[in-house]
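Let me begin by presenting the structure, written as structure tokens, before commenting on it.
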Amino acid sequence: MHTMGRSIVFLCILAVLTILPGAHFPYAQEWNEAQPQACGKLLARKEWRTLTHREKTQWVGAVKWCLASIRHERLSLTKNQTVLEGKRSLYDDFSYAHASVEHSAHRNAYFLPWHRWFTYLFDTSLRRTCGYSGPTPYWDWSRDHADLFGSPVFEDSPEYGLGGTGDCDSSPGADCTVTTGAFAPSTGSFGLAWPIPHPLRRNLTLITGWYPHELPQNRTLGPDFVRNTIEQTTGDFFRFQHAMALLHNHVHNFIGGDLAGDCPRALPEEDCQGMATSFTPNDPLFWLHHAQLDRLWSEWQHHHPSNFAAFSGMPLTPHNMTNAHYDLEAHEDHQMPFDVQSVPVTPRMVLDTEGWPLCYQYTDEE
């Protein structure tokens, strides 16, 4: 009971910080110094196609009819602690948090641990705020790499489908709005607030046209690339994470629209920069995609003993110490920020998914 009580107290602190005006995270140091806790049980994370229709419907419902429907005012987390104008949803809060600390979550040594905690926060919010009790879904896109367009994650069911590509061509003003699945405008309210109010948008494509000499986005997403990455980067977190970042980018680019940081057409071009391109959690597929990346990190961690606690801002055998991608100062006790979603958390705290406070495990795919 004592262990469970302390766990609940910490999670309550996280909840209060999401809505408490003037919160300055005074609990971060206190938690850092707390004694390790034990998990009461391990929550299951399962591949989307292995979920029952009921489980999919419950997850979609928690996202759409709960988090995306509860609206409130929130802090901007600027130095003057101003309140953002207007009311937006708890779901929108996650997109804003991701964009506001984008520099801390991408293109650095903290990409995987930051997103591990961020996806955990989202899952915890679904459970605590919305009463969701089913498995946490992930999308193993390596199973679909030969035909990404036919993946089960693009089911069109208005109750449990995540929907497919958007309408990009029906009229001159078409903006790739998703027209199928539970998040389409025709199935009920799932409006997004950032960077301006708009419906969910996607533009599935293997060739985006954004890069010179571009190759298909699915070229790295097959099981062979994944397996080779896990087997050939033993003990080298830097190289493994670099490969995961490639996979990460290719899926974001393939989905397009909100998940690719593509601004709504109604937003002036000069405003499509900075935070405006970082509201990628707008698309619910964000959570399945990042759970998959987290699963691959977990698999790599358990592949060899030297992998489990490996963390570094440079490869095991660096070739050029002046490489701009190296971070010689990166360390496991760096305080990673999460806007108002959480107290700062360190990579060391999230290395063990089956330890407190994460307490989850990935199940074998069926």
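Roughly speaking, what % of Cα-Cα pairs in the chain are separated by over 38 Å, rounded to a whole number? Mind showing how you got there, number by number?
Working: 9198 of 66795 pairs.
Distances greater than 38 Å cover 14 percent of the Cα pairs.
Would you work out what percent of the accessible area of the chain, with all protein chains in place, is carbon or sulfur (probe 1.4 Å)? Before the final figure, lay out the partial values.
Working: 8930 of 16500 Å².
Carbon with sulfur: 54 percent of the solvent-accessible area.
Once each part is reduced to its C-alpha centroid, what is the distance from segment 263-304 to segment 312-342 in angstrom?
If we compute the Cα centre of each part, the gap is 20 Å.
So what's the net charge close to LEU316: Lys and Arg +1, Asp and Glu -1, counting the other residues with Cβ under 14 Å from its Cβ?
Value of the local net charge: 0.
If packing is taken as the average count of other Cβ atoms within 10 Å, what order do 289-296, 188-195, 263-270, 215-222 fall into, highest mean first?
So the peptides 289-296, 188-195, 263-270, 215-222, ranked by packing, come out 289-296, 188-195, 215-222, 263-270.
Please report the accessible area of ASP156 (heavy atoms, 1.4 Å probe, ligands and nucleic acids excluded) in Å², nearest 10.
It works out to around 110 Å².
Calculate the length of the line joining the C-alpha centroid of segment 92-133 to that of segment 189-251, in whole Å.
Cα centres, segment 92-133 to segment 189-251: 17 Å.
Looking at segment 150-191, what % of the alpha carbon pairs are farther apart than 11 Å? Please list the in-between numbers first.
Numbers: 532 of 861 pairs.
Everything past 11 Å amounts to 62 percent.
Suppose accessible area is computed on protein heavy atoms with a 1.4 Å probe; arrange SER171, SER133, SER104 from highest to lowest.
From most accessible down to least: SER133, SER171, SER104.
What percent antiparallel are the DSSP beta bridges of the chain, to the nearest 5?
55
With point charges of +1 on the Cβ of Lys and Arg and -1 on the Cβ of Asp and Glu, referenced to the Cα centre of segment 65-207, which listed residue (PHE118, PRO135, THR187) lies farthest in the positive direction of the dipole?
Projecting each Cα onto the dipole axis, the largest value belongs to PHE118.
Considering only MET336, ASN228, LEU247, whose Cα is most displaced toward the positive end of the charge dipole of segment 214-366, charges sitting on Cβ of Lys, Arg (+1) and Asp, Glu (-1)?
ASN228
Order the peptides 324-335, 121-132, 39-50 from the highest to the lowest mean number of other Cβ atoms within 10 Å of their residues.
Numbers: 324-335: 13.5, 121-132: 18.9, 39-50: 16.4.
So the order, starting with the most tightly packed, is 121-132, 39-50, 324-335.
If you place +1 on the Cβ of every Lys and Arg and -1 on the Cβ of every Asp and Glu, how big does the dipole about the Cα centre of segment 213-366 come out, in debye to the nearest 20? Please report the intermediate quantities before stating the final value.
Values: 6 positive and 22 negative charges, 56 e Å.
Magnitude of the dipole: close to 260 debye.
Under 10 Å, Cα contacts only: if you run a Gaussian network model on the chain, which one of GLU354, GLU231, GLU85 comes out with the highest mean-square fluctuation?
In this elastic network of the chain, the residue with the biggest mean-square fluctuation among GLU354, GLU231, GLU85 is GLU85.
So what's the back-of-envelope 222 nm ellipticity for the chain, counting only DSSP H runs of four-plus at -39500 (n - 2.57) apiece and dividing by all residues, rounded to 500? Write down the numbers at each step before the final one.
Details: 9 runs with 110 residues, N = 366.
Calculated from helices alone, the mean residue ellipticity at 222 nm is -9500 deg cm²/dmol.
To the nearest 20 Debye, how big is the dipole of the chain about its Cα centre, given +1 on the beta carbon of each Lys and Arg and -1 on that of each Asp and Glu?
780
Write down the accessible area per residue of the chain in Å², having rolled a 1.4 Å probe over the full set of protein chains.
Accessible surface, normalised per residue, equals 45 Å².
The values are calculated or read from the model by the stated rules, or taken from the named source; none is laboratory data. No experiment lies behind these values; they were computed from the predicted model shown. When we count neighbours, we look across all protein chains shown, and the Cβ atoms used for this are built from the backbone with ideal geometry, even at glycine. SASA here: full protein model, heavy atoms, side chains in, ligands and nucleic acids out. Shrake-Rupley method; radii C 1.70, N 1.55, O 1.52, S 1.80 Å.
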